[in-house]
1. Given the DSSP H assignment, sum -39500 (n - 2.57) over each helix run of at least 4 residues in the protein assembly as shown and divide by its residue total; what's the result at 222 nm in deg cm²/dmol, nearest 500?
2. In percent, how large is the relative contact order of chain B, given Cα pairs closer than 8 Å and 6 or more residues apart?
3. First check a/c for chain C, with a ≥ b ≥ c the square roots of the eigenvalues of its C-alpha gyration tensor; if it is under 1.5, answer rounded, and if not, answer prolate when a/b is larger than b/c or oblate otherwise.
4. Taking just the alpha-carbon atoms of the range A:1-124, what radius of gyration and Dmax come out, in angstrom?
5. Hey, what do the phi angles of the range A:41-51 turn into as Karplus ³J(HN,Hα) couplings, whole Hz, using 6.51/-1.76/1.60 and θ = phi - 60°, x for Gly and Pro?
6. Distance cut-off 30 Å, Cα to Cα: go down the list A:Lys217/C:Lys25; A:Lys248/C:Lys26; A:Lys334/A:Lys357; B:Lys66/C:Lys25; A:Lys26/A:Lys294 and report the pairs above it.
7. What list of whole percents do you get for P(r) of the range A:322-415, with Cα-Cα distances grouped in 10 Å bins up to the one holding the largest distance?
8. Mind checking the angle between helix A:269-288 and chain A's longest principal axis? C-alpha axes, 0 to 90 degrees, to the nearest 10.
Amino acid sequence: MSNFPILIVALPLCFAFFISLLSLTKLNRFCGHLALLSVGVSFVLTLCLGPRILAGEKIAYSLGNWPAPLGINLLVDGLSYLLSLIFGLLVLLSVIYSLEDHKGKYFSLVLILYAGMNGVVFTRDLFNLYVFWEILSISAYILVVSPQPASLRASLLYLFLGSLATALFLLGVGIIYALAGTFDMDALAREIPVIWRTQPLAILLVGALFLVSLGIKSGLFPMYVWVPEAHSLAPTPISVLLSGAVLKIGIYIFIRLFLTLFRTEVSLEGLILYWGLISMVFGGCLALVQEDLKRMLAYSSINQVGLILIGIGLGTKLGMEGSLYHLFNHALIKGSLFFSAGMIIESTGKRRIRELKGNGIVPFFPRFSFLMGALAIIGVPPLNGFISKWLICRAAVERGNLIVAALILIFGIVAAVYYLKVVQNLFSVAKMCQTEKRQSSSIPWIKYTCLGTLLGGSLVFGLLPSQGLYLIREAVALIFP
Amino acid sequence: MRRQETKIVRNVARKLFPVLVLFAFYLIIYGHISPGGGFQGGVVLGSSLILLYLSEGPERVEKKFKNSQLAILEAIGVLTFVGIGFLGIILGKHFLGNFLPIGRVGMVPSAGLVLLLNLFIGTKVGAGISLIFYALMKFDRRAQGE
Amino acid sequence: MSDKIALTLFLIGLYGLIAKKNLIKKVMGLNILTSGIVLFFISLGYEKGLTAPIMEKGITDVVDPLPQALMLTTIVIGVCITALALSLIVRIYRRYSSLDVKILTGEGDE
């Protein structure tokens with residue numbers, strides 16, 4: 001049990017290179033199954049940690065048995081456990097989804113991505129965090145490349161912006177090292193308030209560098225350029241991972257660094273609140289005018305990330321609860337939306353929303369799940385999106401910030417407009433074209449199970465919100481003890 | 001169309017190659033007691049192969065050092081590294097915990113695991129650098145062939 | 001002094017990454033930016049008159065080895081990113097027959 005944190009990170013890494021070895025031999029076709037096995041084992045290990053973490057325990061691990069300021073330490077607490085759970089679920093479903101379409105090196109990259117994501121959320125060392133972040137980013141850059149030639153330029157654009165972001169982050173880490181002489185987060189939490197008294201400007205500079213870098217990585221308003229390109233041109237399972245997991249890494253690092261580590265006297269809440277608002281407004285408005293289905297979903301992600309930031313920026317316990325719950329819910333909902341969009345595009349071969357009209361060959365289940373996902377993300381009551389939006393709205397009202405609450409509601413309606421446009425196109429078809437000859441759907445059943453799991457999840461966490469709030473309770477307790 | 005390098009270049013490269021490989025292994029093996037280490041040695045190892053590639057031409061080098069062999073070498077390097085890490089767990093220590101005798105300071109067989117890990121990093125990096133170079137050169141050759 | 005050189009390199013790299021129109025030059029800008037950061041880190045650990053941190057007999061004053069060890073990692077990551085960016089650019093060039101930055105914004109598709 002005590003070795004679990006490192007096993008969760010190292011097992012996928014080990015299997016990744018084993019798979020790249022295997023892909024050279026004749027056993028090439030088993031790569032996917034092996035990847036599934038390793039992600040499954042890792043996910044089960046994460047689940048095994050669950051009871052202890054949710055009881056309020058923190059599990060620490062030091063590599064090579066070197067104690068805290070010298071060695072690299074891993075720590076699983078409520079926040080990292082929540083994120084690790086999301087990553088495990090999404091990677092598992094993505095691997096299942098891509099079993100038939102991809103082979104060999106693809107799976108080894110997905111496993112490296114998974115190892116990097118878990119590493120980022122578990123590590124307690126600032127430089128180590130940078131290294132894991134780079135590992136996951138590099139594999140994400142490569143995974144964006146799909147058979148479509150345009151995905152090459154999307155990958156390059158993502159690479160330029162992503163490396164700029166990590167370089168800025170590294171510069172910030174360097175300045176912190178110059179000031180404090182350590183990378184260990186526990187030591188930094190003690191050192192930073194002391195340094196703040198003597199050199200506030202340097203700390204502000206570090207904060208600004210981190211904010212810009214995290215803004216690029218989680219696709220906030222002025223730096224979102226890569227999001228629609230990469231999300232819309234990547235293969236479907238990778239779109240799910242990018243939107244559900246990779247964007248969340250930026251938010252995780254923000255919460256970890258600014259809310260549990262540097263609790264300086266400067267309050268960032270106003271900045272975060274307005275940044276989130278602008279992001280939400282622009283994401284929503286731009287999603288309205290998109291013609292490409294997956295591109296619209298990408299802009300909707302920008303909108304939702306803005307909403308998560310608003311909850312954080314309100315600075316109350318309720319707002320944080322809403323944000324973290326929305327982070328979790330958004331991963332489930334966007335996963336199911338991207339999976340169903342992928343299936344729709346796969347079965348019709350058309351990406352434009354307008355062209356979806358008049359196609360009788362979309363199978364029923366993707367259409368239905370797209371409708372459910374759309375309802376969930378708009379915030380219709382029995383589904384999980386409603387609960388988290390409700391929490392954030394209530395937090396805004398309690399804070400007396402009625403304009404924010406009104407804007408959240410208005411952009412719920414805007415989301416309804418752009419999602420229901422697609423739904424209308426999808427369903428008007430069914431009645432008109434029933435006489436048309438239906439092609440037998442070529443989508444294997446295993447892909448439906450991924451979609452079904454995510455939909456079931458959003459229904460369960462919508463009907464039983466106490467279960468979801470139980471999951472995030474420890475994470476919130478970390479920030480608002 | 002392929003350029004033929006002059007005799008001088010080819011002879012010098014051929015004489016330089018073993019020296020570079022020796023230097024690479026020196027850097028790797030003395031990595032824990034003097035400046036150097038697995039990555040640096042590995043890069044020298046990789047660049048020695050690149051030198052040979054540039055002077056002798058792709059066909060001869062790729063026949064001797066096959067793409068697939070290098071890929072296997074690279075994967076084995078990492079796998080052994082992680083395997084040694086897991087061995088630490090099995091032997092009752094932590095991940096990558098040292099289970100070898102530490103030895104005397106300044107001797108080559110000292111510092112426990114570091115020498116072993118450096119060796120595997122060296123092979124991995126050497127193979128990796130050459131593979132990157134092969135991949136980029138393949139683009140070039142395909143473009144010329146068109 | 002080395003701080004200022006590091007800052008200058010960083011800014012030159014940033015300029016190259018943002019303002020240059022050629023994709024290869026952008027990659028070069030990225031490399032210069034990374035080397036600026038590497039120099040910054042190395043200058044944190046360096047002090048004149050100190051030796052390499054290998055604890056043999058008679059050696060007492062050593063430099064801080066941590067930034068140097070960490071920068072090795074950064075250099076490795078830089079190599080990976082450069083290799084990946086260059087191979088992407090090669091494939092982009094073969095598809096679009098141009099290295100202009102306009103490709104990135106989607107002009108020339110379809």
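Derivation of every value follows stated rules applied to the coordinates shown; laboratory data play no part. Keep in mind that this is a model prediction, so the values were computed, not measured. Every residue, glycine among them, receives a Cβ derived from its backbone with ideal geometry; neighbour counts consider all protein chains shown.
1. Taking each H run of at least 4 residues, the total per residue is -24500 deg cm²/dmol.
2. Relative contact order here is 30 percent.
3. Working: a/c = 5.67, a/b = 2.57, b/c = 2.20.
Prolate shape, in that a/c is at least 1.5 and a/b is the bigger ratio.
4. Spelled out, the Cα radius of gyration and Dmax of the range A:1-124 are 15.1, 48 Å.
5. 4, 4, 5, 5, 4, 4, 4, 4, 6, x, x
6. Numbers: A:Lys217/C:Lys25 23 Å; A:Lys248/C:Lys26 28 Å; A:Lys334/A:Lys357 23 Å; B:Lys66/C:Lys25 32 Å; A:Lys26/A:Lys294 36 Å.
Beyond 30 Å: B:Lys66/C:Lys25; A:Lys26/A:Lys294.
7. So the P(r) values, bin by bin, are 16, 39, 26, 15, 4.
8. 20 degrees
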